[in-house]
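The structure under discussion appears below in the form of structure tokens.
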Amino acid sequence: MLQIRDPYKTTHPETAYQTDDLSIFLNIRGNNEYAKVSYPVKYGIFSRLETREMILEFNLNHEIKHARSKTRHWLHPSEWLKRTVGNDWIYYSSGGYSGVVEAIGEYYLPNFMYATNSLLGGKPFEFPVIADLCSSWQDMMAGIPGALPDMPTPIANWLEKAKSIHGPDLEKKADHLFDISGARATVLPPDARHSDYNLIPLTIADGCLYKCRFCKVKNKKPFTPRSRTDIQQQIQALKLLYGPDLINYNALFLGEHDALCAPKDLILFAANQSHDAFGFAHSFMKTPRMYLFGSVDSLLNADMTLFDALNRLPFDTYINIGLESHDQATLDRIGKPITAEKVSLAFDRMGEINHTFPKIEMTGNFIMDDHLPPTHIQSMLDLVRDRISRPVPKGSIYLSPLRFGKPSREVLYDFYRLKTASRLPMFLYIIQRL
């Protein structure tokens, strides 16, 4: 007989079914707070289907969310696949735990099917057992019998719905998600790791202030704030799209690349409208969070009353600023149209905001590459080490490798050297898209 033990508490214990070859648990209650732990954790309310060969988990829309093979070919029993709302598969590997958490602040390392700037991890999607599960889970579902004579009605109904959702349906839904905002979010803030990147994207302004030569993830659209009507239309469309699974979300991403540059009243309008419409106060997940990007100029131009207002919102807010470098020669080389002096001023203001407002965390990005001017590293240390008198736990600094798909031992060595010297928390920025 298939030996299954439900490690979670179900909301309706009677909605469980088990045979020699199959088990189904509905409405499993996973963790309701995101945690930094070195063992597998699933969040929210979900359902699980398990056979002798695989474990599949589904969200409240009957859509596949997690998958793992139980065969001997699977890389590790504590590693799994996750499907995002953008319909990408991500493989979560342990990576030795301690090395991963030091590098990215999380115990599990996300490995992507698409090119990114990660210096860590291998190529798990080249393993047939992983690639096959991504592409053939629906075929495996089709081989599971439908309603059996002893199957409870809720189980039979759930199984029918789960089997009716196919790969093209998920792809179409992801495309609709991108259409709502007008484009796919090609990069998410690094702080979104605190919500395992489970968030709702809302575009309040298109484009960015700068069109830096080095950037591979931003578009060429001029910076333009959206209207309140457009934002309300997005919110209603997103509410319908996420549907019953909305209860599993408590995080909001205000896009696109410089939402901090949007007018103050528009930022606050979008945040308040989203919190109410998406029901974050009643989410299964605790501690609502809001994420947005900002530029050096948008930070310097923002009035402190904006941050006071953000601090009063029912969110923990994370604002990620693209500093890139404190070295003028490096800024000129990468085509970022700001001065090192402005970067210095922005860095100081980030520290001031972090010290003043308990519900806001300002974080910063710097670039990394072994072809940058030698003055780049020292100028960075001038800020993250010499400008701060003692270690500070708030205000993470993310280092972003410039090149995609080309791990560099030298760059990784520089990272660990800088992390040891920094008086602020420092991590690698692994670019992830929606």
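The values are calculated or read from the model by the stated rules, or taken from the named source; none is laboratory data. This one's a predicted model, so the numbers in the text were calculated from it and none came from an experiment. Please note: Cβ atoms are built from the backbone with ideal geometry, for glycine as well, and neighbour counts cover all protein chains shown. Note: areas computed on protein heavy atoms with side chains; ligands, DNA, RNA excluded. Shrake-Rupley method; radii C 1.70, N 1.55, O 1.52, S 1.80 Å.
Tell me the mean residue ellipticity at 222 nm calculated for the chain from its helices only (DSSP H runs of n ≥ 4, each -39500 (n - 2.57), averaged over every residue, nearest 500).
On the way: 12 runs with 139 residues, N = 434.
Helix contribution divided over all residues of the chain: -10000 deg cm²/dmol.
Averaged across orientations, what area in nm² does the convex hull of the alpha carbons in region 160-268 project?
If you wrap the Cα atoms of region 160-268 in a convex hull and average its projections, you get 8.2 nm².
Summing Lys, Arg as +1 and Asp, Glu as -1, what charge do residues with Cβ under 14 Å from the Cβ of Gly167 carry, Gly167 excluded?
That sum, taken over residues with Cβ under 14 Å, equals -3.
With every protein chain left in place, what is the accessible area per residue of region 161-285 in square angstrom, probe 1.4 Å?
Heavy-atom accessible area per residue stands at 41 Å².
Express the accessible area of region 351-416 per residue in Å², computed with a 1.4 Å probe while the remaining protein chains stay in the model.
Normalised by residue count, the accessible surface of region 351-416 is 50 Å².
Under the 0.36 nm per residue contour assumption, what length would be gained going from the current alpha-carbon distance of Met113 and Arg409 to full extension?
That pair, Met113 and Arg409, stretches by 104.4 nm at full extension.
According to a simple spin-label model (label point 7 Å from Cα along Cα-to-Cβ), what is the distance in nm between Ala329 and Asp348?
In this crude spin-label approximation the distance works out to 2.5 nm.
Please report the projected area of the chain's Cα convex hull averaged over all directions, in nm².
Details: hull surface 81.2 nm².
Averaged projected area of the chain's Cα convex hull equals 20.3 nm².
Given a 1.4 Å probe and the protein chains all in place, what does the accessible area of Glu33 round to, in Å² to the nearest 10?
Rounded to the nearest 10, that gives 90 Å².
Just the C-alpha atoms of region 81-167: what Rg/Rh do they give, with Rh taken as the Kirkwood radius?
1.12
Taking amide H positions as placed 1.01 Å from N in the peptide plane, with prolines and chain starts having none, which residues 5 or more places from Phe253, or on another chain, fall under 5 Å of its amide H?
Ile200, Leu202, Tyr291
Can you send over the carbon and sulfur percentage of the accessible area for the chain, probe radius 1.4 Å, protein chains only?
Summing carbon and sulfur atoms, their accessible area is 53 percent of the total for the chain.
Taking a label point 7 Å from the Cα of Asn32 along the Cα→Cβ vector, which residues of region 298-316 have an amide N closer than 20 Å to it?
Those under the cut-off are 314-316.
Kindly list the residues of region 410-434 that lie in the label zone of Asp370, defined by a backbone N under 13 Å from the point 7 Å along the Cα-to-C-beta vector.
Under 13 Å, as judged by backbone N against the label point of Asp370, lie 410-415 of region 410-434.
Among rounded, prolate and oblate, which fits region 368-434 when a ≥ b ≥ c are the square roots of the eigenvalues of its C-alpha gyration tensor, a/c under 1.5 means rounded, and a/b larger than b/c means prolate?
Here region 368-434 falls in the oblate category.
Direction-averaged shadow area of the convex hull around the Cα atoms of region 282-434, nm²? Don't jump to the answer; show the numbers that get you there.
Numbers: hull surface 40.9 nm².
Result: a mean projected hull area of 10.2 nm².
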